[in-house]
Every structure is written in structure tokens, then in C-alpha cells.
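The structure under discussion appears below in the form of C-alpha cells.
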Amino acid sequence: MSGYEIGQSVQVKGRDGTDSTGTVVSWDDTRQQYLVQVDGDEGQHYFAGDELATDA
């Protein structure tokens with residue numbers, strides 16, 4: 001795993017041009033994706049590293 005750490009705040013680049021913020025929960029070696037708790041969303045979702053950015 002490289003790039004983001006568990007507990008790090010990130011921006012999720014929305015596929016529709018909108019961004020959300022969230023927190024990295026874990027890294028899945030099999031999927032090669034990060035599990036992120038998106039703010040304002042009760043669920044957790046997987047994202048590739050290129051779908052995330054450092055929350056500035």
C-alpha cells in the first residue's frame with residue numbers, strides 16, 4: 001500500500017464532477033483499493049488511489 005494512510009482525510013473525486021470528503025478506513029490488497037467512509041454517507045465504499053486526493 002502506498003499513498004494514503006488509515007485515518008487520513010481525503011477528497012473523493014466524483015465521477016459526476018462533484019467531490020466529497022471522507023476518511024480512509026483500510027486498504028484491500030486483493031482489490032488494490034482503499035475503503036473510505038464518505039462524510040454524510042452511512043456506508044463505506046472502495047476507491048482506487050487515482051479517485052482520491054489529499055484533503056486540502
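When the stretch 22-40 is limited to residues that are within 15 Å of residue 9 (Cα to Cα) and not aliphatic (A, V, I, L, M), the one that is surrounded by the most Cβ atoms within 10 Å (Cβ to Cβ) turns out to be 34. Among strands (runs of 3 or more DSSP E) entirely within the stretch 14-56, having at least 1 residues that are modelled with pLDDT under 90, more than 13 Å from residue 3 (Cα to Cα) and out of contact with any Lys or Arg (no Cβ under 8 Å at 6 or more places or on another chain) singles out 19-28.
The values are calculated or read from the model by the stated rules, or taken from the named source; none is laboratory data. Keep in mind that this is a model prediction, so the values were computed, not measured. Note that each Cβ is placed from the backbone with ideal geometry, even for glycine, and that neighbours are counted across all protein chains shown.
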